Amino acid sequence: ETNPKLRVSIITRLLDTFYQIRAARVCSCALWIIGEYCLSLSEVESAIATIKQCLGDLPFYSASEEGEATDASKKTPQASSITISSRRPAVLADGTYATQSAASETAFSPPTIVQGSLASGNLRSLLLTGDFFLGAVVACTLTKLVLRLEEVQPSKVEVNKATTETLLILVSMLQLGQSHVLPHPIDNDSYDRIVLCMRLLCNTGDEIRKIWLQSCRQSFVKMLSEKQLRETEELKAKAQVSHAQPDDLIDFYHLKSRKGMSLLELEDEVQDDLKRATGEFVKDADDANKLNRILQLTGFSDPVYAEAYVTVHHYDIVLDVTVINRTKETLQNLCLELATMGDLKLVERPQNYTLAPESSKQIKANIKVSSTETGVIFGNIVYETSNVLERTVVVLNDIHIDIMDYISPAVCSDTAFRTMWAEFEWENKVSL
């Protein structure tokens, strides 16, 4: 459909190799393609000839065989019931019997290739295993080809000949489906479909011809174009996602040895390792998590109320401290003093602020982390008021930094886990 130039060569090749196809599903797809895309007179004629050749001689079984099958069941009722439960007789193309296990006899299972079937046509051997869905596909393909032949063949005699031959094939299929030769009869869907094809061939109106020869193709073209549209939209959406920000640092891992690395490069390594180990960090938008991390630093009755919201970002801890003046006086030189214990280091010196009566202030404090061990942050708030000369100190609660708070669950494959296990040396080595 998408390569009209190659159509003729594809169809010729498909018709040449059709007899080699042994799987029912592949057969049905190939038949559909033949029915839709054989357009010229020579293509239509060779397609009909190919299908007839693969179906073999008609009828599909002789009356004597059916008689044998029914006689056998009359003579030995017990024996036949036993064989039917485990092995059922299948009639081969050359008229001999072969036993075949019941498991392979569902309508859509790939039929087993029985002896003699390689010599006979592939469609015939599949039909004789009871695959009537394929029979219905054959019927539809032949009907389409005959309708097309009416359009491209000037000789009426040839058209009538092809129509009668096709009708004969369809009738033979129905007879095979309703005979006792096969272990199970034809299913209703396939039966109706074949009968519909027969009615069409006997009485074709322009409306029906239009549906069979044009509408089906149009809906297929529409489906293809919609699919392509969806794929291009997905590609566009993918292309719009930027994988790196313009000011991101670029790491050339292959050019880097661990010796003589600058501090910045080492920090990059640490940052990537931490990212990998913690499975990325919780996004800021996760408000529920934010509320869980708020720590109260002073009591409600203290003149200055403070609470902190702690975020750990890569190897920084950011404290967002909200300080509220609960008194009716202005607080001058208010300073948040912090001290740390463990592998934590304060980045900047505290600043002094002036707080108006009953107003609040947000103070940010950055703390560097140099290892993943637990640390403690102490602190106090110091301020002066205009009427008291000495400075007042409010001691804050300790803030415990626990690495477990900042590890979020994530999933990784076995191979990724093994490489990380080796890289981070999680198995502690002890030198003896």
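The values are calculated or read from the model by the stated rules, or taken from the named source; none is laboratory data. The structure presented is a predicted model; accordingly, all values stated were derived computationally and were not measured. Here the Cβ positions follow ideal geometry from the backbone for every residue, glycine too, while neighbour counts run over all protein chains shown. Note: areas computed on protein heavy atoms with side chains; ligands, DNA, RNA excluded. Shrake-Rupley method; radii C 1.70, N 1.55, O 1.52, S 1.80 Å.
Below are the figures for this structure:
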read-out: Any hit, segment 127-146, residues being β-branched (Val, Ile, Thr), in contact with a strand residue (DSSP E or B) (Cβ under 8 Å, 6 or more places away or on another chain) and buried (at least 21 other Cβ atoms within 10 Å of the Cβ); value: yes
read-out: Condition check for residue 427: assigned to a loop (DSSP other than H, G, I, E, B), open to solvent by 70 Å² or more (accessible area, probe 1.4 Å) and in the same structural domain as residue 328 (by the TED database); value: no
read-out: Considering residues of segment 205-247 that are assigned to a helix (DSSP H, G or I) and hydroxyl-bearing (Ser, Thr, Tyr) only, the residue surrounded by the most Cβ atoms within 10 Å (Cβ to Cβ); value: 225
read-out: Where residue 384 falls short, out of the listed (1) in contact with an Asp or Glu (Cβ under 9 Å, 6 or more places away or on another chain); (2) loosely packed, with under 14 Cβ neighbours inside 10 Å; value: (2)
read-out: Whichever residue in segment 178-195 is in a helix (DSSP H, G or I) and over 38 Å from the mean Cα position of the chain (by Cα) and, among such residues, is nearest to residue 163 (Cα to Cα); value: 195
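Results for (1) open to solvent by 70 Å² or more (accessible area, probe 1.4 Å); (2) in contact with a Cys (Cβ under 8 Å, 6 or more places away or on another chain), shown as yes or no for each residue.
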position: 333; (1), (2): no, no
position: 336; (1), (2): no, no
position: 339; (1), (2): no, no
position: 342; (1), (2): no, no
position: 347; (1), (2): yes, no
position: 351; (1), (2): yes, yes
position: 356; (1), (2): no, no
position: 367; (1), (2): no, no
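This table checks each residue for (1) open to solvent by less than 70 Å² (accessible area, probe 1.4 Å); (2) more than 18 Å from residue 144 (Cβ to Cβ).
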{"position": "2", "(1), (2)": "no, yes"}
{"position": "6", "(1), (2)": "no, yes"}
{"position": "17", "(1), (2)": "yes, yes"}
{"position": "23", "(1), (2)": "yes, yes"}
{"position": "39", "(1), (2)": "no, no"}
{"position": "43", "(1), (2)": "yes, no"}
{"position": "46", "(1), (2)": "yes, no"}
